[in-house]
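The structure appears right after this line, and notes come after that.
The values are calculated or read from the model by the stated rules, or taken from the named source; none is laboratory data. What you are looking at is a predicted structure, and each value in this text was computed from that prediction instead of being measured. Note: ideal-geometry Cβ built from the backbone for every residue, glycine included; neighbour counts use all protein chains shown.
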Amino acid sequence: MNKYFFVFILLFFVVCSSVHASKQKLVIAHRGASGYLPEHTLGAAVMAYASGADFLELDLVMTKDGHLIVLHDLTLNGTTDVEQVFPDRAGKDGKYHAVDFNLHEVKQLKVHERSARRGTGQAFPDRFPIDSKIFGVPTLEEMILLVQGLAKSHGRKMGLYIEIKGHDFHRKHHLDPGFKLLEVLKKYGYKNNSDPIFIQSFDSDMLKYLRHELKTRIKLVQLLGENRWRLSDTDFSYLKTEEGMKEVSEYADGIGPWMNQLVTGVDFSGKAQITDLLKIARNNDLLIHPYTFRADRLPSYTSSFDELLDLFFQEVGVDGIFTDHPDQAVRYLEKNSSN
Ligand code: G3P
Ligand code: CA
């Protein structure tokens with residue numbers, strides 16, 4: 001072999017491997033730094049920013065008068081004091097749907113730490129005190145003003161990673177959250193594939209609507225759940241197959257699987273047992289951003305948060321993670337900077 005050709009090949013591999021090695025792993029602050037402050041509050045977003053998170057994850061629902069508010073559930077019960085402020089406004093099912101309230105009413109509520117689904121107390125007992133009602137429900141626009149304001153005053157840009165909840169539910173109430181979202185994002189300069197934003201959904205119809213009908217160029221991520229969770233008509237068992245992932249790659253840039261869909265446990269030597277989903281997603285050039293990494297709720301096969309991060313960043317090689325504890329993930333990646 002010609003020696004110059006040999007040197008060229010060698011250099012090519014060196015450059016390729018360094019590009020791969022330097023590819024940035026993303027820390028996505030799940031509902032803000034929600035391990036420390038009530039989820040989806042301006043406070044949790046500021047803490048995510050100060051922790052060095054790359055992206056701020058937000059879930060959105062709509063009010064009766066068509067505003068996008070930052071809230072995980074379609075109902076207000078789990079994270080606000082709606083039952084005390086509007087005791088007579090429960091729906092027929094006994095719940096307080098956000099869509100039955102206008103923005104002026106939502107703004108009278110205080111957000112508290114998420115309450116336990118059954119019984120009393122909080123979902124995560126060691127987190128921020130549930131009786132401290134010092135935060136309100138932010139709108140999407142307020143969150144954007146916050147991150148763009150911090151980019152100006154501090155300099156660092158934190159991206160947005162937005163999920164629309166209840167696409168079908170809102171459509172039944174004659175609301176179009178996807179259309180409204182793109183309208184708000186355009187107003188604040190988010191519209192291209194290279195902009196610091198992802199839109200995510202469990203509902204494949206929602207993502208296809210955004211990509212094919214509304215023609216967005218923004219990066220899209222197909223979240224993966226389990227069919228038994230009954231989130232929408234999306235068939236997750238199908239999406240996880242070769243054919244399903246190929247279909248996903250036609251409208252999305254990445255997938256957001258539940259962490260158990262990638263790793264089922266560790267073997268006797270501590271090595272991760274990785275599912276076929278990794279290979280299938282990689283074959284289709286899809287980014288992989290699993291959820292949800294919580295330092296205070298570890299899977300049974302790990303004994304520390306760093307061990308869990310090691311497993312997913314080093315062994316599985318994911319491109320980013322959703323975490324309630326962004327400070328700890330940022331610290332981990334700084335410590336292991338060759339990742
Ligand atoms: O959006 C990623 C992850 O947040 C999905 O689960 O229920 O927290 O919205 P959820
Ligand atoms: Ca979410």
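When region 122-139 is filtered for residues that are more than 17 Å from residue 45 (Cα to Cα) and touching a strand residue (DSSP E or B) at 6+ places or on another chain (Cβ under 7 Å), the ones remaining, listed by number, are 122, 123, 130. Candidates in region 149-168 are the residues that are within 15 Å of residue 47 (Cα to Cα) and touching a residue at least 40 places away in the same chain (Cβ under 8 Å); of these, the one that is farthest from ligand 2 (Cβ to nearest atom) is 154. Scan region 116-127 and give yes if some residue there is polar (S, T, N, Q), more than 24 Å from residue 67 (Cβ to Cβ) and either surrounded by 18 or more Cβ atoms within 10 Å (Cβ to Cβ) or under 24 Å from the mean Cα position of the chain (by Cα) (or both), otherwise no. There is at least one residue in region 116-127 that is polar (S, T, N, Q), more than 24 Å from residue 67 (Cβ to Cβ) and either surrounded by 18 or more Cβ atoms within 10 Å (Cβ to Cβ) or under 24 Å from the mean Cα position of the chain (by Cα) (or both). Being under 19 Å from residue 288 (Cα atoms), surrounded by 13 or more Cβ atoms within 10 Å (Cβ to Cβ), modelled with pLDDT of 95 or more and away from ligand 1 (no atom under 16 Å from the Cβ) is a property that residue 244 has.
Please work out which residue is farthest from residue 286 (Cα to Cα), limiting yourself to region 221-269 and to residues that are touching a helix residue (DSSP H, G or I) at 6+ places or on another chain (Cβ under 7 Å) and among the small types (Gly, Ala, Ser). Out of the qualifying residues, it is 232. When you check residue 170 against the structure, is it over 19 Å from the mean Cα position of the chain (by Cα), of a type outside the set (A, V, I, L, M, F, W, C), within 30 Å of residue 234 (Cα to Cα) and part of a loop (DSSP other than H, G, I, E, B), yes or no? In short, no. Step by step: first the residues of region 214-241, then only those that are within 13 Å of ligand 1 (Cβ to nearest atom) and of a type in the set (Phe, Trp, Tyr), then the one that is modelled with the highest pLDDT. Which residue is that? Within region 214-241, the match that is modelled with the highest pLDDT is 236.
Condition first: in a helix (DSSP H, G or I), charged (D, E, K, R), more than 16 Å from ligand 1 (Cβ to nearest atom) and surrounded by fewer than 21 Cβ atoms within 10 Å (Cβ to Cβ). Can you find one or more residues in region 195-205 that meet it? There is at least one residue in region 195-205 that is in a helix (DSSP H, G or I), charged (D, E, K, R), more than 16 Å from ligand 1 (Cβ to nearest atom) and surrounded by fewer than 21 Cβ atoms within 10 Å (Cβ to Cβ). If you go through region 209-250 and keep only what is within 16 Å of ligand 2 (Cβ to nearest atom) and assigned to a loop (DSSP other than H, G, I, E, B), you end up with 225, 226, 231, 232, 234. What are the residue pairs meeting all of these: first residue in region 22-36, first residue in contact (Cβ under 8 Å) with a residue 60 or more places away in the chain and within 13 Å of residue 51 (Cα to Cα), second residue surrounded by fewer than 19 Cβ atoms within 10 Å (Cβ to Cβ) and of a type in the set (Ser, Thr, Tyr), Cβ atoms under 8 Å, and 6 or more apart or on different chains? Final answer for the pair search is 30/292.
Can you list residue pairs whose Cβ atoms sit under 7 Å apart, with the first residue in region 208-220 being closer than 16 Å to residue 168 by Cβ and the second being in a helix (DSSP H, G or I)? Count only pairs 6 or more apart in sequence or on different chains. The qualifying pairs are 209/178; 210/178.
Search region 301-333 for residues being assigned to a helix (DSSP H, G or I), in contact (Cβ under 8 Å) with a residue 40 or more places away in the chain and of a type in the set (Asp, Glu), and hand back the single one that is farthest from residue 55 (Cα to Cα).
Top of the filtered list is 315.
Return yes when residue 297 is of a type in the set (D, E, K, R), within 18 Å of residue 28 (Cα to Cα) and either within 16 Å of ligand 1 (Cβ to nearest atom) or touching a strand residue (DSSP E or B) at 6+ places or on another chain (Cβ under 9 Å) (or both) and no when it is not. Judged against the criteria, residue 297 is a match.
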